[in-house]
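Report on the structure given below.
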Amino acid sequence: MAKRIDIGGLNAYYGSHKAIEDISMTVEPRSVTAFIGPSGCGKSTFLRTLNRMHEVTPGGRVEGKVLLDDEDLYGSGVDPVTVRRTVGMVFQRPNPFPTMSIFDNVAAGLRLNGSYRKSELSDIVEKSLKGANLWNEVKDRLNKPGSGLSGGQQQRLCIARAIAVEPDVLLMDEPCSALDPISTLAIEDLIGELKERFTIVIVTHNMQQAARVSDRTAFFNLSAVGKPGRLIEIDETERIFSNPSVQATEDYISGRFG
Amino acid sequence: MTTTTDIQDNRPRISPEPAKGGLSSRALPRWSPIGFAVVAIALGVGISLAAGWHSRIQWGLISALLFLALSYVATTVVENQRQAKDRLATSIVWVCFLVAVVPLASLLWTTIVRGSERLDGYFLTHSMAGVLGPEHSGGVYHALIGTLEQVGIATVIAAPLGLLTAVYLVEYGKGALAKAVTFFVDVMTGIPSIVAGLFILSIMLMAGIEPSGLMGALALTILMIPVVVRSTEEMLKLVPNELREASLALGIPKWRTILKVVLPTAIGGITTGVMLAIARIAGETAPIMLLVFGSQLINGNPFEGAQSSLPFYIYEQYKVGEVASYDRAWAAALVLIAFVMILNLVARGIARWKAPKTGR
């Protein structure tokens, strides 16, 4: 069941260095929100605070609130492991588990979190692979190793793995940057289908991709080198790309910097 | 019938005799290194015989130096300085390789030739019970059992301890405790085996424990743990961090990530490390002498009574000094080397079997 995210006054640090400052925004359920901005402005850092992966980095620290349907992910007594079961993530480079078969990869999130019968698992794996548009290509070789697929297929496998646990939100950190245009198109189509079921947040370097895929877009920027990243503007994608309110957004969109 | 003369071939023609310009130069023939080697050996042997030296090592050294000098000079004359230096470097690498490998090959060859004289089924299945030094009988069975049991017990204790220590150091340890553990593990890697033996001996004397296979196994454990920790640490560090992140992002707790994702990915290398550690301790003699006492009889119980072990047996037989005992010592040495070699092959086999597969 897709949920809504409300972020209030979020700061994230690496040790004593502040990476992002005072971010407040809302991510609507069952929609795709894109984060765009120049390199190093903190988009990926911000994304990782949404599923409490930022604190896995040594020295990573977060201040502020992230509310998932009004429940604070950073509240006292909240277990990060539970948060990550609810907010899934797909990474920039496909990373299927090398010692596991395709079936085991998709089932990993389920198997390692509870006990399921083989028949239940088969159904869920099939449903997830179909949801990731990979079923037809791998249904005959489910017990072959996951690392034997092409780059685009591996990334779709990682997406299947992430959606198999039925998260409420799916975070995608530049999912297509390591892929060729055909695979990118396949994944963008997939995102269009997945947004019916999940809330999706996607970080992308590619502005055209953000324009194609997202409903709302958020533009991040640094005020100067070494300063923390900030949220400059967030709005409907069409507005951002045709008539943005802030000059910096206009400059970035039209390629005057970036 | 139409001809195809209407297709013009306007490609520029390359003359069959390309001009020789500033890019080409003379070169020595392909067989020149062998030629130099033959000439150098002939000269070297000739000079040594003339000077009255009879050691093959001296002949070898002189021939090697002559080979290096000859190839450098000839290449400088025929080709140029750079080629000469290149050839010199290649030659030095080859000579060093031979210098390193020839003694090993010689050792192996000698052991096989001397050891196989006495090695047979009888040798492997009988002990030295009731056999006097000069007799051409007796076997290594008691020593084999001793080695297998002592090494086995040491592995059962050291492998899990080493593995868990390495997991702590790589996955969890960040502070002063981790630094202290790393430091002490590094120190332990250099402990001489007799010191480990003395340590266990002092405990035995204070607690009044009798020598037994178990005591030897404990000393071997002390020697084995640092090796396992170090190699496991390196293998765990080789697992890419993105795998850990992928697993954590699925909501899998950290300990389960380590158990089900990190360790299986590294298991090939870890097994190899453990096998190599076993191979190292299989040949330790000093602690066994101190702690296990040695025996001529078969003792299958490592917790009680003196045992023997293969390295100890070799030393024992050497001390006896008879022809028959020398034969037995060589044969036991062959058994020990074969044991280590088999372990090595098994380790490689496991590493290959468990390696992350990339088949389609």
Hey, A:ALA218 within 22 Å of A:ARG93 (Cβ to Cβ) and of a type in the set (A, V, I, L, M) or not:
no
Verdict on B:ALA178 being small (Gly, Ala, Ser), free of Cβ contacts under 8 Å to residues at least 24 places away in the same chain, within 14 Å of chain A (Cβ to nearest Cβ) and surrounded by fewer than 20 Cβ atoms within 10 Å (Cβ to Cβ):
yes
Subset of the stretch A:85-102, residues within 25 Å of A:ILE200 (Cβ to Cβ) and of a type in the set (A, V, I, L, M, F, W, C), comes to A:VAL87, A:MET89, A:VAL90, A:PHE91, A:PHE97, A:ILE102
Among (1) closer than 17 Å to B:GLY305 by Cα; (2) out of contact with any helix residue (DSSP H, G or I) (no Cβ under 6 Å at 6 or more places or on another chain), which single condition is B:LEU201 missing?
(2)
Could you tell me which of the residues A:ARG52, A:ARG117, A:ARG84, A:ARG156 is more than 30 Å from B:LYS174 (Cα to Cα) and either within 16 Å of the chain's Cα centre (by Cα) or of a type in the set (A, V, I, L, M, F, W, C) (or both)?
A:ARG156
Can A:ILE20 be described as under 17 Å from the mean Cα position of the chain (by Cα), more than 11 Å from chain B (Cβ to nearest Cβ), in a strand (DSSP E or B) and more than 30 Å from A:ASN133 (Cβ to Cβ)?
no
For the stretch A:34-42, state whether one or more residues are surrounded by fewer than 15 Cβ atoms within 10 Å (Cβ to Cβ) and of a type in the set (A, V, I, L, M).
no
Can you tell me which residue among B:GLY273, B:GLY251, B:GLY269 is within 18 Å of B:LEU236 (Cβ to Cβ), among the small types (Gly, Ala, Ser) and in contact with a Gly (Cβ under 9 Å, 6 or more places away or on another chain)?
B:GLY273
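Restricting attention to the stretch A:149-164, which residues are under 13 Å from A:ASP104 (Cβ atoms), at the interface with chain B (Cβ under 10 Å from one of its Cβ atoms) and either part of a loop (DSSP other than H, G, I, E, B) or of a type outside the set (D, E, K, R) (or both)?
Across the stretch A:149-164, the qualifying residue is only A:ALA164.
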Restricting to the stretch B:212-234, and then to whatever is surrounded by fewer than 24 Cβ atoms within 10 Å (Cβ to Cβ) and within 21 Å of B:VAL261 (Cβ to Cβ), can you tell me which residue is farthest from the chain's Cα centre (by Cα)?
B:GLU233
How about the stretch A:155-184: which of its residues are within 19 Å of A:SER128 (Cα to Cα) and without any contact (Cβ under 8 Å) to a residue 24 or more places away in the chain?
A:GLU166
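Being among the basic types (Lys, Arg), touching a helix residue (DSSP H, G or I) at 6+ places or on another chain (Cβ under 7 Å) and either at pLDDT 95 or above or part of a strand (DSSP E or B) (or both) is the filter here, so list the residues in the stretch A:186-242 that pass it.
Within the stretch A:186-242, A:ARG216 is the sole residue that qualifies.
The values are calculated or read from the model by the stated rules, or taken from the named source; none is laboratory data. Bear in mind that the values here come from a model prediction, so they are computed numbers and not experimental data. Positions of Cβ are backbone-derived with ideal geometry, glycine not excepted, and every protein chain shown enters the neighbour counts.
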